[in-house]
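One structure below.
The values are calculated or read from the model by the stated rules, or taken from the named source; none is laboratory data. All values derive from a computational prediction rather than experimental measurement. Cβ atoms come from the backbone with ideal geometry, glycine included; neighbour counts cover every protein chain shown.
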C-alpha cells in the first residue's frame, strides 16, 4: 500500500520551497543594484570658505540605497552636482529647506552652523 504525504507536510514543503526561491531572488536583485557614484566635488564659488565634496556612501545605506529620497525631487539624477530645478546650491536656499537643507536642517541631520563640516 502506498502512503501519501499529509496536507500539513506538503504545505510545509511548499513554504520551504517558496522561502528558498525568495532568498535566491533577493540575492540576485542585490547583485544587480547599481553601484553608487564616487565622491563629487562642488567647485568653490564666490565667498565660499572651501570646496564641498558630496559622498553618496555617507548619505545612504550602500546595501540598499534609496535613490528616490533625493532624486529627482531635490537633485538631478542625470547631471552630477545639479539641483532638480537647475538653480545653484546656496545657503539661502538651504535655509528654506531646499537641496541639502531638506535634510541638513539641524533636526533631521546636522545643520550648517559649522562651515568646516562641509567646506574643506
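Values as computed for the structure displayed
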{"read-out": "Any chance residue 107 is out of contact with any strand residue (DSSP E or B) (no Cβ under 8 Å at 6 or more places or on another chain), modelled with pLDDT under 90 and loosely packed, with under 10 Cβ neighbours inside 10 Å", "value": "no"}
{"read-out": "Residue among 84, 80 that alone is under 16 Å from residue 42 (Cα atoms), modelled with pLDDT under 90 and under 15 Å from the mean Cα position of the chain (by Cα)", "value": "80"}
{"read-out": "Pick from the stretch 103-120, criterion over 20 Å from the mean Cα position of the chain (by Cα) and assigned to a loop (DSSP other than H, G, I, E, B), ranking: nearest to residue 73 (Cα to Cα)", "value": "112"}
{"read-out": "Answer residue from the stretch 28-57, given it is at pLDDT below 80 and surrounded by 10 or more Cβ atoms within 10 Å (Cβ to Cβ) and is nearest to residue 99 (Cα to Cα) among those", "value": "33"}
{"read-out": "Any hit, the stretch 58-68, residues being modelled with pLDDT of 85 or more, in a helix (DSSP H, G or I) and either touching a helix residue (DSSP H, G or I) at 6+ places or on another chain (Cβ under 6 Å) or over 18 Å from residue 98 (Cα atoms) (or both)", "value": "yes"}
